[in-house]
Amino acid sequence: MKQMILLMFACLLAAAVMGQNDMNLSFERLGDNGQPDRWTTNSINWKKYTFTIDSLIVFEGKYAYSISSNSDSIGDNDWAACSYILKNKYQGKKISLKGYLKTASKAKAGGAFLWMQIIDKNGRQIQLENMESRLVAGTQDWKEYSIELPLDETADLISFGGGINGFGKVWVDDMHVFIDGIPIDRAPLRTEKIVPALTDSAFNAGSKIALDSVTDRQIENLSVLGKVWGFLKYYHPKVAIGDYNWDFELFRVIPGVLACKNTGARDELLINWIKKLGPIKPCNSCDNTIPDSAKLKPDFSWISDKYMGTDLRNALEYIKQNRNQGDNYYAMPAPVGNPLFKNERAYPEMDYPDAGYRLMGLFRFWNIIQYYFPYKYAIVEDNWNNVLPRFIPKFVGVKNRNEYYLVLKELIAKIHDTHANIYKKYPTVWHKFGGQFFSPALVKFIEGRLVVTGFYDNDGKSYQKETGLKAGDIIVETQGEKIDDLVKENLSVTPASNKPTQMRVLAASLLSGESRKNTLKIQRGDSVLMVESTYFSRNDISRKLNKPDSCYRLIGDNIGYIHLGTIKIALLSTIFDKFRHTKGIVVDIRNYPSEPVPYIVGNYLYPHPTPFVKILQPDFSYPGLFIRNHTLSGGKENPDYYKGKVCILVNEETQSQAEFTTMAFRKAPKAVVMGSQTAGADGDVSPFTFPGDYSSMISALGVYYPDGKETQRIGIVPDIEVKPTIAGIRAGRDEVLERAMEWIRRD
């Protein structure tokens with residue numbers, strides 16, 4: 001078991017940057033890979049062990065983590081462990097780990113353990129404790145164990161977890177870390193260098209930039225400034241490490257840029273600005289070659305004689321060739337490889353940011369997309385370089401927070417990413433519909449009409465009566481506005497990856513308003529009616545969709561049904577055992593999975609280990625370059641895999657993890673995808689904010705089929721397209737499910 005250490009460190013180093021408040025020591029928070037968030041798995045031989053989140057056998061909370069041997073050829077030196085790593089920021093003399101273990105094993109050798117190691121700044125192990133002399137052997141019920149190591153100033157990384165050596169199974173739960181007996185979330189921190197970016201407070205009260213319109217010359221000047229500002233933010237070594245409050249430095253230079261009468265004067269001002277940042281040493285480690293195979297290459301077309309003179313171009317080119325190669329204060333890798341925009345201030349105290357702050361938000365977003373959006377190449381409607389000058393006058397010209405909110409949504413909509421929207425702090429009324437009160441009716445666009453498909457409930461109570469509506473009703477008008485007109489007016493400010501998902505987002509918003517009563521014009525059969533509908537606030541009603549009690553059941557004759565919206569990982573073995581001899585299984589992913597299962601389902605559906613997805617990550621040493629492809633697989637050698645048909649149901653509600661999961665199920669030998677186009681937003685998200693505390697995010701990892709086929713915007717294209725009809729809704733039928741059952745029955 002001694003050889004575990006270097007392997008663990010190599011696997012965990014990328015996850016080292018995380019705060020103490022992000023810890024997930026009871027495994028309650030799951031990631032898209034079905035494993036506990038912030039944790040990784042490690043083994044000398046992964047094929048000999050199975051790692052599972054368990055929701056049935058737990059010590060406390062919803063989940064415990066289990067590791068079990070699955071091979072008869074396990075030797076005395078074989079081991080597997082779950083692993084967590086954190087940066088040592090703590091002042092103390094000793095660190096201890098406590099956690100609960102439960103074991104099941106008939107073997108006399110081997111056993112379960114807690115482990116912890118201390119690593120210095122050179123990557124060398126300086127301390128290790130892994131209970132090697134007191135392994136928990138045999139079958140033991142839950143019991144708390146503890147280990148301890150000395151802690152001193154040479155410690156840089158602390159890694160720990162639970163594991164098993166040899167045969168058997170261990171459950172791990174409810175871990176706690178202490179510094180000198182103090183819980184780590186309350187332990188004193190070491191005094192660290194103060195980042196200069198945090199000490200500049202000159203513009204906390206406002207940018208001091210008063211601007212309500214711009215000339216063509218000012219638009220060009222500001223456009224070049226926004227691009228140079230973002231380039232320096234990610235490329236200049238002094239800016240990238242946080243030596244400047246880069247938001248406030250923008251406010252210092254904007255007035256001069258606005259006053260420049262020609263390109264030469266503007267370029268001279270920007271060159272002097274760059275010189276004040278200090279000299280840049282030649283970078284011997286910078287690799288400036290860009291492989292032809294790169295999926296997305298940095299775009300420096302804006303650094304050209306069309307926009308700027310030779311001296312400014314040369315200054316920027318030198319910075320590019322000798323760019324920052326260490327940590328970046330503004331964009332750092334999260335554990336799974338997507339960018340973490342951790343130090344972008346939200347300025348929540350600003351209800352309506354002034355012109356300078358609004359421009360800074362525009363520049364912030366434009367450069368995040370320019371350097372860290374993996375699907376930037378798919379923005380085919382607009383050249384991204386032209387978006388900035390087009391939106392500068394829009395951001396300058398807005399007159400109130402409602403208009404600011406709308407222009408933010410219009411900007412975000414340009415990248416066509418369903419993950420990207422405004423998720424926090426929006427005005428009460430932002431257009432001809434919208435507000436704090438909502439109808440509990442479920443609606444969606446079917447055959448081009450806004451149709452009531454069902455009703456939300458709250459703890460089993462349906463609110464259909466209060467709406468005055470019935471399933472199959474067509475909403476013609478709301479608040480005196482025609483639905484068709486509202487759709488036309490609002491598509492441009494409805495961010496989504498594709499048209500069906502835009503319509504999904506719009507449908508969910510149309511039945512809302514500023515009053516608890518709203519008169520709707522509806523079509524019910526051949527009749528046109530005026531219906532008074534009661535709306536509810538977010539606090540009045542929990543808008544929950546009535547989901548099935550069980551995540552699986554038998555339907556029809558010899559057909560299994562799995563509902564991913566209520567799936568439990570711990571029940572998968574039971575589900576596939578019960579469905580073993582069915583003719584087929586319907587997997588309903590017209591929802592968001594309640595637990596992540598994509599890596600696990602292959603163990604039941606694939607005859608062999610099978611790749612099902614390819615991931616694209618950014619190269620943080622060369623912002624704008626996406627070249628790090630790696631393929632993810634599921635399954636194992638399994639002659640007893642499920643051999644029936646598998647029909648996967650999808651629609652515009654199938655988004656993100658649901659799409660990722662569909663890709664995994666689709667690799668079953670007899671699988672088809674049925675339904676309609678999905679949301680087309682896949683990949684781990686990276687949140688960020690606009691000034692005024694308007695939160696947003698982007699899809700920040702590229703997700704593709706193993707052959708490189710696209711999923712973003714396109715979504716999961718069904719093998720068999722089936723859509724619901726208005727007649728089917730009125731009859732209470734699920735026509736997509738009916739078609740799936742028909743396909744399975746067919747020989």
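The values are calculated or read from the model by the stated rules, or taken from the named source; none is laboratory data. Because the structure is predicted, anything quoted here is derived from the model rather than measured. Methodologically, a virtual Cβ is constructed for each residue, glycine included, from the backbone with ideal geometry; neighbour enumeration extends over all protein chains shown. Ligands, DNA and RNA are excluded from the accessible area calculation, which covers all protein heavy atoms including side chains. Shrake-Rupley method; radii C 1.70, N 1.55, O 1.52, S 1.80 Å.
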Of all residues making up the stretch 60-84, the number that are more than 18 Å from SER105 (Cβ to Cβ) and either assigned to a loop (DSSP other than H, G, I, E, B) or open to solvent by 30 Å² or more (accessible area, probe 1.4 Å) (or both): 4
Failed condition for VAL452, given (1) part of a strand (DSSP E or B); (2) at pLDDT below 95; (3) open to solvent by less than 40 Å² (accessible area, probe 1.4 Å): (2)
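Condition check ((1) crowded, with 18+ Cβ neighbours inside 10 Å; (2) under 18 Å from PHE438 (Cα atoms); (3) among the small types (Gly, Ala, Ser)) across all residues:
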position	(1), (2), (3)
SER462	no, yes, yes
THR467	yes, yes, no
ALA471	no, yes, yes
ILE475	yes, yes, no
GLY480	no, yes, yes
ASP484	no, no, no
LYS499	no, no, no
MET503	yes, yes, no
LEU506	yes, yes, no
Whichever residue in the stretch 36-59 is open to solvent by less than 40 Å² (accessible area, probe 1.4 Å) and either over 23 Å from GLY111 (Cβ atoms) or among the small types (Gly, Ala, Ser) (or both) and, among such residues, is modelled with the lowest pLDDT: SER43
Residue within the stretch 268-285 that is surrounded by 14 or more Cβ atoms within 10 Å (Cβ to Cβ), of a type outside the set (A, V, I, L, M, F, W, C) and either modelled with pLDDT of 95 or more or more than 23 Å from PHE373 (Cβ to Cβ) (or both) present: yes
Residue match in the stretch 349-364 (condition: modelled with pLDDT under 95, on the phi < 0 side of the Ramachandran plot and of a type outside the set (Asp, Glu)): yes
Counted residues, the stretch 311-343 - those being open to solvent by 20 Å² or more (accessible area, probe 1.4 Å), over 17 Å from PHE620 (Cα atoms) and in contact (Cβ under 8 Å) with a residue 12 or more places away in the chain: 4
Selection from the stretch 325-376 of residues that are closer than 23 Å to LEU258 by Cβ and of a type in the set (S, T, N, Q): ASN367, GLN370
Residue, nearest to GLU532 (Cα to Cα), within the stretch 486-497, restricted to residues that are open to solvent by less than 10 Å² (accessible area, probe 1.4 Å) and either among the polar types (S, T, N, Q) or not in a helix (DSSP H, G or I) (or both): ASN490
Failed item, numbered, when VAL224 is tested on (1) free of Cβ contacts under 8 Å to residues at least 12 places away in the same chain; (2) of a type in the set (Val, Ile, Thr); (3) crowded, with 16+ Cβ neighbours inside 10 Å: (1)
Unmet criterion (only one of (1) more than 30 Å from TRP743 (Cα to Cα); (2) of a type in the set (Gly, Ala, Ser); (3) touching a Gly at 6+ places or on another chain (Cβ under 6 Å)) for SER621: (3)
Tabulated pairs, the stretch 434-451, first touching a residue at least 60 places away in the same chain (Cβ under 8 Å) and on the phi > 0 side of the Ramachandran plot, second surrounded by fewer than 21 Cβ atoms within 10 Å (Cβ to Cβ) and hydrophobic (A, V, I, L, M, F, W, C), C-beta under 7 angstrom, 6+ apart or interchain: GLY435/VAL429; GLU447/ILE726
Number of the condition not met by ASP243 [criteria: (1) open to solvent by 10 Å² or more (accessible area, probe 1.4 Å); (2) part of a helix (DSSP H, G or I); (3) in contact with a helix residue (DSSP H, G or I) (Cβ under 6 Å, 6 or more places away or on another chain); (4) not aliphatic (A, V, I, L, M)]: (2)
Counted residues, the stretch 674-688 - those being open to solvent by 10 Å² or more (accessible area, probe 1.4 Å), at pLDDT below 95 and in a loop (DSSP other than H, G, I, E, B): 1
All positions within the stretch 115-167 that are more than 30 Å from SER73 (Cβ to Cβ), assigned to a loop (DSSP other than H, G, I, E, B) and either touching a helix residue (DSSP H, G or I) at 6+ places or on another chain (Cβ under 8 Å) or of a type outside the set (Lys, Arg) (or both): ASP120, ASN122, GLY123, LEU151, ASP152, GLU153, THR154, ALA155, ASP156
Residue in the stretch 575-602 that is least open to solvent (accessible area, probe 1.4 Å), counting only those that are farther than 15 Å from CYS647 by Cα and among the aromatic types (Phe, Trp, Tyr): TYR599
Scope the stretch 188-217; condition surrounded by 19 or more Cβ atoms within 10 Å (Cβ to Cβ) and either modelled with pLDDT under 95 or not small (Gly, Ala, Ser) (or both); matching residues: ALA197, PHE203, ILE209, LEU211, VAL214
Matching residues in the stretch 718-745 - criterion: being loosely packed, with under 15 Cβ neighbours inside 10 Å and among the hydrophobic types (A, V, I, L, M, F, W, C): ILE720, ALA727, ALA731
When residues of the stretch 517-528 are limited to those that are surrounded by 14 or more Cβ atoms within 10 Å (Cβ to Cβ) and farther than 10 Å from ILE475 by Cα, the one farthest from the chain's Cα centre (by Cα): THR519
Some residue of the stretch 379-386 being in contact with a strand residue (DSSP E or B) (Cβ under 8 Å, 6 or more places away or on another chain) and either closer than 21 Å to TYR404 by Cα or open to solvent by 50 Å² or more (accessible area, probe 1.4 Å) (or both): no
Tabulated pairs, the stretch 17-33, first under 17 Å from ILE179 (Cα atoms) and open to solvent by 40 Å² or more (accessible area, probe 1.4 Å), second of a type in the set (A, V, I, L, M) and at pLDDT 85 or above, C-beta under 6 angstrom, 6+ apart or interchain: GLN20/ILE184
Answer residue from the stretch 295-334, given it is outside any loop (DSSP other than H, G, I, E, B) and in contact with a helix residue (DSSP H, G or I) (Cβ under 7 Å, 6 or more places away or on another chain) and is nearest to LEU270 (Cα to Cα) among those: LEU312
Residue match in the stretch 152-159 (condition: within 16 Å of TYR100 (Cβ to Cβ), within 33 Å of the chain's Cα centre (by Cα) and touching a residue at least 12 places away in the same chain (Cβ under 8 Å)): no
